[in-house]
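The values are calculated or read from the model by the stated rules, or taken from the named source; none is laboratory data. Predicted model only: the values in this text are computed from it and were never measured. As a convention, Cβ positions derive from the backbone with ideal geometry for all residues, glycine included, and neighbour counts pool all protein chains shown.
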Amino acid sequence: MSDLTVKVAVKDALSEHSVSADFYDALDEEVAELLNDAAERAEATDRKTVQPRDL
């Protein structure tokens, strides 16, 4: 799987904190699960377009 998050953006968002190297892998897993769930919700309502309400 490719990286789903941009490390620089995460570092900027958490600029007042240190971020461990393995945090990014865990974050990518969470984002992948969120995207899969959103896609399933869209499909459940016969849509191919994933919308904010699917989150």
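Scan the stretch 14-40 for residues that are aliphatic (A, V, I, L, M) and surrounded by 11 or more Cβ atoms within 10 Å (Cβ to Cβ) and jot them down.
Matches in the stretch 14-40: Leu14, Val19, Leu27, Val31, Ala32, Leu34, Leu35, Ala38, Ala39.
Going through the stretch 41-55 one residue at a time, which ones are part of a helix (DSSP H, G or I) and surrounded by 12 or more Cβ atoms within 10 Å (Cβ to Cβ)?
Arg41, Ala42, Glu43, Asp54
So which pairs qualify, if the first residue must be in the stretch 1-14 and part of a loop (DSSP other than H, G, I, E, B) and among the basic types (Lys, Arg), the second must be surrounded by 11 or more Cβ atoms within 10 Å (Cβ to Cβ) and at pLDDT below 80, the Cβ gap must be under 7 Å, and the two must be at least 6 apart or on different chains?
Nothing qualifies.
Being touching a residue at least 24 places away in the same chain (Cβ under 8 Å) and charged (D, E, K, R) narrows it down to one residue among Asp37, Asp28; which is it?
Criteria check complete, one pass: Asp28.
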